[in-house]
Amino acid sequence: MNITRRTLLYMAATILIILAPAIEGALPPTLFWPCYVVAIGLVVYAFIGASGRTQKLTLILASVALTLTAADLVLRFTPIVFDELAERWPRMPLVNRYVPNLRYEGRRFNDLSRMAGVKEWWEEKQIS
Amino acid sequence: MITDAAGFRNGSLDQSRPLDVFILGDSFGGGGVSQEYTWSSILARDYHLNTYNLSVPASSPWQEYVNLWAEKDRFKTRAGTVLVWQLFTGNDLDEYYGSMDINALPWCGRLRAWLNRLNAVRARSPIHYLMASIWAKHDARADVLAKDFLNGRKLLFYKPYTETSFRTSEQITAHQNYAALRATIHAVKELAAARGIRLGIVLVPAKEEVYSWVWQNSPPWTADSAPSGFSVVLARLCAEEGIGFLDLKPPLIKESRRTYEETGQLLYWYDDTHLSTHGNLFTATLIYNELIR
């Protein structure tokens, strides 16, 4: 098969789409690297081998990757992940610091009831 | 709740005069309360002290030492400035301890720090969080103990602290992190002494100690006010190093009954491991009288 520059460009773009959940953080490569290896193999085969079935599978994989990434980006605006007040200090990630320049008002300091997941045990306290 | 540009829980700092007090510690030092009721704010407001809070949640004594080391040259101090270092019975021995050679730590340059920030954003992925929750090997709900308090309200306890806070002094000295804790205390003392700062250690007991009679189903107000094994060992280390030491357990146990009978309030939150507003107000006075004045 004749591999043109355009084929290589499309292949790179498809690989980038497949890797989007890894780049964005939804499916971290530390856990999902085997899936990425297989998916990239399929993409390469689809473009170089030009098998119709593999090309369809690549299209499905790219759609799933894009959907997952988009969904994760949208869900970041919801309170699914608890908003931590402290974080790893970027200069020395072995220690924690509060999020800098924070101005927070709301419900906090209910670690046990949050862990238990029982709403009736929540103690109402407004933190400012 | 306010934090400064360096990532510590402070409002405005009076830089025209040297600091009177540093507070170093974990979430207890940071305060599980509104800004006006943190130890740092109470000491500044009620005792007119120039204070700075270096406490950060989820920090081990070693991590607190590293934060202190990193910030040591940023402040104006005077002879007699006090460093109040808060330690916690519940988990301070079990947390992370790293190398005492500060230069051997993985300090990051600008680019690496920027990448760390980016990775922190990536790590907050909701899909990943949901998957991790589903696949979690340990069910966090099993760590919570709910007991009825005298007024019928649920008082929650953290099960691991019902064990770690009740270790004997022999168990403490035999712990794998004991040598590291000891080295960290020595290093903090050295760091403070080199700047003419007086160090005092305040030990916060776990709620599971102060209200032990609740989860142990014992008669009300019968918690044992004898110092914990951790406290006994710390008192010994502090005596060796010439460091002031305050164990809050006996006074908190005594005060817990008085506060409840007079105001109906608890010194810890019902649904949290931390000291409540009442607890912080009471202990700030003790810290001032025993370690600062």
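Here, each number is a calculation from the coordinates, and none is a lab measurement. Note that the structure is predicted; figures quoted are calculated from it, not measured. For neighbour counting, all protein chains shown are included, and Cβ atoms are generated from backbone atoms with ideal geometry for every residue, glycine included.
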Original post:
Taking 0.36 nm per intervening residue step and subtracting the Cα-Cα distance, what contour gain separates A:T4 from A:R53 on full extension?
Top reply: 15.5 nm
Original post:
When you count, for each residue, the other Cβ atoms within 10 Å and take the mean per peptide, how do A:6-18, B:88-100, B:59-71 rank with the highest first?
Top reply: B:59-71, B:88-100, A:6-18
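About the Cα centre of chain B, how large is the charge dipole given +1 on each Lys and Arg Cβ and -1 on each Asp and Glu Cβ? Please answer in debye to the nearest 20.
720
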Original post:
On a 0 to 90 degree scale, rounded to 10, what angle separates helix A:5-18 from the longest Cα axis of chain A?
Top reply: 30
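In this model, which of B:K72/B:K249; A:K125/B:K147; B:K147/B:K249; B:K147/B:K254; B:K137/B:K159; B:K76/B:K207 are farther than 26 Å apart at the alpha-carbon?
Result: B:K72/B:K249; B:K76/B:K207 exceed 26 Å.
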Subject >> Largest-first principal axis extents of the Cα set of the stretch A:5-75 (Å) >> reply: 36, 22, 22
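Kindly put B:L156, A:L85, B:L150 in sequence by how many other C-beta atoms sit within 10 Å of each C-beta, fewest to most. Write out the running numbers ahead of the final one.
Details: B:L156 27, A:L85 19, B:L150 12.
The fewest-first ordering by Cβ neighbours comes to B:L150, A:L85, B:L156.
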Subject >> Rounded Å value of the spacing that divides the Cα centres of the stretch B:248-280 and the stretch B:12-71 >> reply: 21
**OP:** Report relative contact order for chain A in percent, whole number only (criteria: Cα-Cα under 8 Å, sequence separation at least 6).
**Re:** 18
Original post:
Relative contact order, percent, of the stretch B:111-200 when contacts are C-alpha pairs under 8 Å separated by at least 6 residues?
Top reply: 11
**OP:** Could you calculate the FRET efficiency of B:E36 with B:R78 from 1/(1 + (r/R0)^6), where r is the beta carbon distance between them and R0 is 22 Å, rounded to 0.05?
**Re:** 0.25
Original post:
Roughly how many Å is it from the Cα centre of the stretch A:9-62 to that of the stretch B:205-231, as a whole number?
Top reply: 58
Original post:
Taking neighbour Cβ counts within 10 Å as the exposure measure, how do A:D111, B:D101, A:D72 sort from fewest upward?
Top reply: B:D101, A:D111, A:D72
Subject >> Helix axis angle, A:29-48 relative to chain A longest principal axis, alpha carbon, degrees >> reply: 20
Original post:
Mean residue ellipticity at 222 nm from the helices of chain B, using -39,500 (n - 2.57) per DSSP H segment of n ≥ 4 over the full residue count, to the nearest 500 deg cm²/dmol?
Top reply: -12000 deg cm²/dmol
